[in-house]
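Below you'll find the structure, written out as structure tokens, and then a few comments.
Read the figures in this text as sums done on the coordinates, not as results from a lab. Quick caveat, the model's predicted, so the values are computed rather than measured. So basically every Cβ, Gly included, is an ideal-geometry build from the backbone, and we count neighbours across all protein chains shown.
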Amino acid sequence: MSNSPIGVFDSGVGGLTVLKVLAEHFPSESFLYLGDTARLPYGSKSPETIRKYSEQNIRFLIQQGVKAVVIACNSASSQIVEKDFDKVPVFTVIEPGAKAALHTSEGTIGVLGTRATIASGLYEKTLLRLSSAEGRSIQIFSQACPLFVPLAEEGWVDDPITNLIAYRYCQPLAQKGVDTLILGCTHYPILKSSIQKAVGGGVALIDSGSAITLQLKEEFSLGHLSASSSSGQRIDIRTTDISPQFEAMVHQLMSPLMIHSLEVVTL
Ligand code: DGL
């Protein structure tokens, strides 16, 4: 089992921002990525639908023989509370993101996410639980950013329109004095430069990829996950729908890492 891949899923292409960080930090581990492109977006759907889709994705990855599942998608992570499925450990990005933010912040934290993630309130609840356990008092300000996902999918990176929209979403948080901002959506690291400009250079940005990497390092060192003994890495990508644009995004976002296979699957 230790040489089996780690499964990673997202609603679409955005989770590749998480996959890339994981693949770079764990060069001996192999990864099987599932992008549910046929049913994207998740962030505007009901909690019941997001949960149903997420469970199907998890079961698909488990059937493919993964040793663990990382839910890269924040919208899906905000609806799944199980720690494992059929004894396969399942990791979400919410608690790692909250821990990373608390580590960086002096006490005023902003959260950006899809409507589903922000409506779940899970980042806020997790931040409050972790900070009160440390005896700290913090302030949290959240903002749903529904226009960010289509902008990232369109590749409008550091574009004047994207900069304006980022300013509109992020300025209220900057005015509240946030010192740390959680990018609570897999697509947002693609728009990092616009978001950083909008909040100011002094605000620390927390992305799901770096946060879940720290969590997996801990899982490996505690022996909760067994490390691969293989010297090579294999990255396979599965999607529920494919377009030339998706294929181009895969190679652009994952470069210079090599993709072993890219196939369409039915769940
Ligand atoms: N991947 C989703 C997330 O991280 C954003 C895209 C979507 O709405 O499906 O929340």
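Taking one quarter of the surface of the C-alpha convex hull of the chain gives a mean projected area of 13.2 nm².
Residue separation of Glu218 and Leu130 scaled by 0.36 nm, minus their Cα-Cα distance, works out to 30.0 nm of gained length. Given a Förster distance of 22 Å, report the FRET efficiency between Ser243 and Arg115 from their Cβ-Cβ distance, rounded to the nearest 0.05. That pair, Ser243 with Arg115, gives E of 0.35. Put in line by how crowded their Cβ is, counting other Cβ atoms within 10 Å and starting with the fewest, Arg51, Arg168 read Arg168, Arg51. Mind checking the angle between helix 208-221 and the chain's longest principal axis? C-alpha axes, 0 to 90 degrees, to the nearest 10. The angle comes out at about 50 degrees. Residue exposure proxy: Leu222, Leu112, Leu122, ordered by other Cβ atoms within 10 angstrom of their Cβ from fewest to most, comes out as Leu222, Leu122, Leu112. Binning the C-alpha pair distances of region 190-267 at 10 Å intervals from 0 yields a P(r) profile of 13, 27, 36, 22, 2 %, listed from the shortest bin outward.
If both residues of a DSSP beta bridge must be in the chain, then about 5% of such bridges are antiparallel. In loop segments of region 53-119 as defined by DSSP, the trypsin sites (Lys or Arg not before Pro) with at most 13 further C-beta atoms inside 10 Å of their C-beta are Lys83, Lys87.
In the chain, the calculated helix contribution to ellipticity at 222 nm averages -13000 deg cm²/dmol per residue, counting -39,500 (n - 2.57) for every DSSP H run with n ≥ 4.
Per residue, how big is the convex hull around the C-alpha atoms of region 123-267? Give it to me in cubic angstrom, could you? Present the calculation step by step, with values, prior to reporting the outcome.
On the way: hull volume 25.4 nm³, N = 145.
That works out to 175 Å³ per residue.
Calculate how many DSSP beta bridges within region 1-138 are antiparallel, expressed in % of all such bridges and rounded to the nearest 5. Just about 15 percent of them are antiparallel.
Here the residues Ser194, Ser231, Ser4, Ser226, ranked from fewest to most Cβ neighbours within 10 Å of their Cβ, fall in the order Ser231, Ser226, Ser4, Ser194.
Convex hull over the alpha-carbon atoms of region 1-158: what's its volume per residue in Å³?
Dividing the Cα hull volume of region 1-158 by its residues yields 130 Å³.
Sorting 27-34, 178-185, 72-79 by their mean Cβ neighbour count within 10 Å, with the most densely packed peptide first, gives 72-79, 178-185, 27-34.
Mind checking region 140-233 for GluC sites (Glu not before Pro) that DSSP puts in a loop (not H, G, I, E or B) and that have at most 15 other Cβ atoms within 10 Å?
Those that pass, being in a loop and sparsely packed, are Glu154.
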